[in-house]
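To start, the structure under review is shown below, and the notes come after it.
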Amino acid sequence: MKTIGNILWTVLAGIWLAIGYVVAGVAFCITIIGIPFGIQSFKMAGFALWPFGRTIVDRDGRVGVFSTIANVVWLVLFGWALFLAWLAAGVLLCITIIGIPFGIQAFKLSVFGLWPFGRVIITDENYRAGRLA
């Protein structure tokens, strides 16, 4: 089921979302100071391209001061807009029964877009097993 969901997601929206995040990541990486933000954009691109069967979790106690400061800067500059956009998309997708799985993925992306530093993307199997690999 997750393969069908990923194919539908990628064809209908994922490819364009991933391209947008990659372009933003490249723009961030042009400057030295923007490289950490570019890396987060690339992580979002990968998740936006193929979200089913994967989840986003916090790193266990490995979030430092840099991640917190970077998250605050991200939140003020970009995070709030990404969060609201994904939240609205998730609500709209959940209006129909068929759209509910896609809405859940949009809600995952909304939280990731709000506070991306210190989070990792893992498979659902690793999540259920309690592994962060």
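Would you mind calculating the gained length between Val26 and Met1 on full extension (0.36 nm times residue separation, minus the Cα-Cα distance), in nm to one decimal? Walk me through the intermediate numbers first.
On the way: separation 25, 0.36 × 25 = 9.00 nm, distance 3.29 nm.
Extra length available between Val26 and Met1 comes to 5.7 nm.
Excluding ligands and nucleic acids, what accessible area in Å² is computed for Arg119 using a 1.4 Å probe, to the nearest 10?
40 Å²
Express the relative contact order of the chain as a whole percentage, based on alpha carbon pairs under 8 Å and six or more residues apart in sequence. Could you put the intermediate results ahead of the total?
Details: 159 pairs, mean separation 36.1, N = 133.
Taking the mean separation of contacting Cα pairs over the length of the chain, I get 27 percent.
Modelling each spin label as a point 7 Å along the Cα-to-Cβ direction, I'd like the Val11/Arg59 distance in nm, to one decimal.
3.8 nm
How tilted is helix 15-30 with respect to the longest principal axis of the chain? Cα atoms for both, answer in degrees (0 to 90, nearest 10).
0 degrees
For q = 0.12, 0.17, 0.18 Å⁻¹, what log10 I(q)/I(0) does the range 24-86 give under the Debye formula with an equal point scatterer on each alpha carbon and no solvent?
-0.34, -0.70, -0.79
Counting Lys and Arg as +1 and Asp and Glu as -1, what is the net charge of the other residues whose Cβ lies under 14 Å from the Cβ of Leu82?
Values: positive: Lys43, Lys108, Arg119; negative: none.
So the environment of Leu82 carries a net charge of +3.
To the nearest 10 degrees, how steep is helix 65-74 against the longest Cα principal axis of the chain, on a 0 to 90 scale?
Between the helix axis and the principal axis of the chain, the angle is about 60 degrees.
Note down, for the chain, the three equivalent ellipsoid semi-axes (square root of 5 times each alpha carbon gyration tensor eigenvalue), biggest first, whole angstrom. Don't jump to the answer; show the numbers that get you there.
On the way: eigenvalues 114, 63, 39 Å².
Gyration-tensor ellipsoid for the chain: 24, 18, 14 Å.
The values are calculated or read from the model by the stated rules, or taken from the named source; none is laboratory data. Being a predicted model, the structure only gives us computed values, none of them experimental. Backbone-built Cβ (ideal geometry, glycine too); neighbour counts: all protein chains shown. Surface accessibility is based on the protein's heavy atoms, side chains included, excluding ligands, DNA and RNA. Shrake-Rupley method; radii C 1.70, N 1.55, O 1.52, S 1.80 Å.
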